[in-house]
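Asks: Got a structure for you, written out below as structure tokens; questions coming shortly.
The values are calculated or read from the model by the stated rules, or taken from the named source; none is laboratory data. The shown structure was predicted, so the numbers you read here are calculated from the model rather than taken from an experiment. FYI the Cβ positions are ideal-geometry reconstructions off the backbone, even for glycines, and counts take in every protein chain you see.
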Amino acid sequence: MIVKKIFKLSDLMVAQISAGEVVESPAGVLKELLDNSIDADATDVVIHVNGDGFDLIQVTDNGNGILMEDLVPAMTSFHTSKISKPEDLLRIGTLGFRGEALGAIRSVSRVTLESRTGESEQAWKISAEAEYISDPEPGIIPNGTRIRITDLFYNSPVRREFQSNQRRLLKDMTDMVTDFSLAYPQKSFRFFSDNEIKLNLTSVKNLTERLKQLFSIEFSHGLIPLYRDQEGVAFRGYISGFQFYRNSPSLIRFFVNNRQVKYPRLVGLLRSVYGELMQPGRFPVAFIFSEVLPENIDINIHPQKKEIRFKNEDKFYELLRSVLLRAIEGRGVIAATRLQNPAKPVFKSSENDNDTQTFNLPINWEPETHEHLEKESPFERFEMPFPEMAHARLFKTFVIASSSDGLFLIDQHTAHERINYEKFLNSLTKQEGVKQYLTQPLPVRLTPAEKEIMKKEHHLFGEMGFDLEDLGPAGFVLNSVPYYIESGEEENALFILLQQLANKNQDRLSAIMLFDSLAKDLSCRNAIRKGDDESVPNLQDLITGLSKCRRPSRCPHGRPTMIFLGKTDLFGLFKRKI
Ligand code: ADP
Ligand code: MG
């Protein structure tokens, strides 16, 4: 056997080898160029592609431009203006940062780079091919940057041969421009293929307008808006109602900080959220934008920056899941199908309440009193359909109702529970005197453990309106209870509270959280039960009560209060046009 000598690879070969990681296709090249235009704050981007992109990819922008003396460094691997010290890697605020795209592209194509900064008298241009770079010569563009890439992969024929499906390549490039145009609706994008304009996306106000530009109006009307800004993660975007679907996941697009990335769990998540409404083999349309603090993600795990790692991925997933559920719920798509998809820990309500059996909490549920107010949505306001007229009762359980938007089935128990709960919450915020004194002090027996809790959390009981007096050897007496507690329920309420304190393993529980769980418990007890004929309120009152609620669509424990079948959906199901 002949032992071969080891040689150092030339810089060009190193560049070519590593170029494969950075750019593997015309669409990949285009992505890097668009990243650069966005990072340069361009507001107008023009893309020209010839053939399948191997012949020509040219991007012209009106961004900040490149200094003449930086033209050569810009085209050299590991040169960047975007980061300078190791800490910068921890909070990346630009799309590019690795400084390797233009260098890599240059090693596998012929490149011309032309640019003019605001201060410069004129544009300057350089050309490069393999290791050779020309001297700067005067250019013609009025401002910004133009980069022209020809003969892509001319020196790596294998890569070129592997990608011979022209339609596919063009589609990938069109999708790339579409993604950027969605992420940056206020910027304008024009995409030419063989000098024919394929996309003419002028600057628009917001994502909604962009979607109308890209897709049919009818389609964009069928989309359900998402919006949530909480716990350090903001979500916005659209998902399709169930009458719109695709046969592939191609229109499921996911963005983090305006960067389109892969999120492998997303398709499965959507499927679980749509449940039966999305038949196998069908996929919803979703444009989901999330914003996360740069320090909470790591984008530097893939040379093409296509993948992302979250600091707390499970949390992110749960937040997204709750946003999606809520969005679909707002549209009232039949929630029952989803509740059969057990995913979350179960919540067990008080034992003697057999109507409220074990069920799944839909989301990472927190007391509503803790919820931050949602910021104004950047989208046009989405009005939730709401029942107007009650018609009848079905199975002694549901109320059939309608509005001009569609048909509603209301669960009388959960609806009533919701109404009661919000009454409690209102009384809390209004501070209508927290407690009521009992006509006679009520002796209560406490176990030693309960006494411990009592002593430790004494102030909490006080804040909530429970006035407990320690009579030493004679035990405790209850002098007052929160005013919303009905007579006969006093002791019970106290024990529910003690139970909650004993069960929670958190060190500190705020009065508000306790109040919240107590309010939930009591609103459930006081609500009409399934099959209960005697205490049925006027059906119309139930709707009026719900309409006054801040969150009418779910009971305080998270079960749906009503199911909505929209007019569009209803007609669609019968294959009718409205
Ligand atoms: P990165 O984007 O990671 O910094 P690139 O190789 O893509 O690396 O680009 C190198 C540098 O060239 C950038 O840091 C930027 O300063 C400059 N540059 C590239 N394209 C443009 C553009 N369209 N407008 C202004 N500057 C650009
Ligand atoms: Mg770049």
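Asks: Does at least one position in region 24-34 carry a residue that is more than 15 Å from ligand 2 (Cβ to nearest atom), more than 28 Å from the chain's Cα centre (by Cα) and part of a helix (DSSP H, G or I)?
Replies: Within region 24-34 (the criterion being more than 15 Å from ligand 2 (Cβ to nearest atom), more than 28 Å from the chain's Cα centre (by Cα) and part of a helix (DSSP H, G or I)), the answer is yes, since at least one residue qualifies.
Asks: Could you tell me which numbered condition residue 137 fails, if it satisfies all but one of (1) surrounded by 14 or more Cβ atoms within 10 Å (Cβ to Cβ); (2) farther than 21 Å from residue 18 by Cα?
Replies: Tallying (1) surrounded by 14 or more Cβ atoms within 10 Å (Cβ to Cβ); (2) farther than 21 Å from residue 18 by Cα, residue 137 fails exactly one: (1).
Asks: Do the conditions hold for residue 102, that is, is it within 15 Å of ligand 2 (Cβ to nearest atom), in a helix (DSSP H, G or I) and farther than 20 Å from residue 295 by Cα? Walk me through how you get there before you give the answer.
Replies: Values: within 15 Å of ligand 2 (Cβ to nearest atom): yes; in a helix (DSSP H, G or I): yes; farther than 20 Å from residue 295 by Cα: yes.
It is true that residue 102 is within 15 Å of ligand 2 (Cβ to nearest atom), in a helix (DSSP H, G or I) and farther than 20 Å from residue 295 by Cα.
Asks: Give all pairs with beta carbons closer than 9 Å in which a residue from region 94-110 that is free of Cβ contacts under 8 Å to residues at least 40 places away in the same chain and on the phi > 0 side of the Ramachandran plot meets a residue that is part of a loop (DSSP other than H, G, I, E, B) and more than 7 Å from ligand 1 (Cβ to nearest atom); count only pairs at least 6 apart in sequence or on separate chains.
Replies: 99/76; 99/77; 99/78; 99/83
Asks: For residue 305, indicate whether it is touching a helix residue (DSSP H, G or I) at 6+ places or on another chain (Cβ under 9 Å), modelled with pLDDT of 50 or more and within 25 Å of residue 184 (Cα to Cα). Break it down stepwise before answering.
Replies: On the way: touching a helix residue (DSSP H, G or I) at 6+ places or on another chain (Cβ under 9 Å): yes; modelled with pLDDT of 50 or more: yes; within 25 Å of residue 184 (Cα to Cα): yes.
Criteria met by residue 305.
Asks: Take the residues in region 77-107 that are surrounded by fewer than 17 Cβ atoms within 10 Å (Cβ to Cβ) and within 23 Å of residue 12 (Cα to Cα), then tell me which one is nearest to ligand 1 (Cβ to nearest atom). Break it down into steps so the answer makes sense when it comes.
Replies: Taking region 77-107 and keeping what is surrounded by fewer than 17 Cβ atoms within 10 Å (Cβ to Cβ), we get 78-79, 82, 84-91, 93.
Still in the list and also within 23 Å of residue 12 (Cα to Cα): 78-79.
Details: 78: 9, 79: 6 Å.
Restricting to residues being surrounded by fewer than 17 Cβ atoms within 10 Å (Cβ to Cβ) and within 23 Å of residue 12 (Cα to Cα), the top hit is 79.
Asks: I've got another one for you. Name the single residue, out of those in region 1-49 being in contact with a helix residue (DSSP H, G or I) (Cβ under 8 Å, 6 or more places away or on another chain), among the β-branched types (Val, Ile, Thr) and modelled with pLDDT of 95 or more, that is farthest from ligand 1 (Cβ to nearest atom).
Replies: Among residues in region 1-49 that are in contact with a helix residue (DSSP H, G or I) (Cβ under 8 Å, 6 or more places away or on another chain), among the β-branched types (Val, Ile, Thr) and modelled with pLDDT of 95 or more, the one farthest from ligand 1 (Cβ to nearest atom) is 49.
Asks: Evaluate region 125-133: report whether one residue or more is buried (at least 18 other Cβ atoms within 10 Å of the Cβ), within 13 Å of ligand 1 (Cβ to nearest atom) and more than 39 Å from the chain's Cα centre (by Cα).
Replies: yes
Asks: Quick check on residue 77: is it of a type in the set (Ser, Thr, Tyr) and within 15 Å of ligand 2 (Cβ to nearest atom)? Lay out the reasoning, then the answer.
Replies: Working: of a type in the set (Ser, Thr, Tyr): yes; within 15 Å of ligand 2 (Cβ to nearest atom): yes.
Yes; evaluated as a whole, the condition is true for this residue.
Asks: Also, I was wondering about something else. Of everything in region 159-206, what is among the polar types (S, T, N, Q) and more than 16 Å from residue 56 (Cβ to Cβ)? Give them in sequence order.
Replies: Quick first cut of region 159-206, residues among the polar types (S, T, N, Q) only: 163-166, 174, 178, 181, 186, 188, 193, 195, 200, 202-203, 206.
Hits for region 159-206 are 164, 165, 178, 181, 186, 188, 200, 202, 203, 206.
Conditions tested, residue by residue: (1) surrounded by 18 or more Cβ atoms within 10 Å (Cβ to Cβ); (2) not in a helix (DSSP H, G or I).
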| site | (1), (2) |
| --- | --- |
| 270 | yes, no |
| 281 | no, yes |
| 291 | no, yes |
| 302 | no, yes |
| 305 | yes, yes |
| 316 | yes, no |
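Asks: With the checklist (1) closer than 24 Å to residue 570 by Cβ; (2) surrounded by fewer than 18 Cβ atoms within 10 Å (Cβ to Cβ); (3) in contact with a helix residue (DSSP H, G or I) (Cβ under 6 Å, 6 or more places away or on another chain) in hand, flag the one item residue 249 doesn't pass.
Replies: Failing condition for residue 249: (1).
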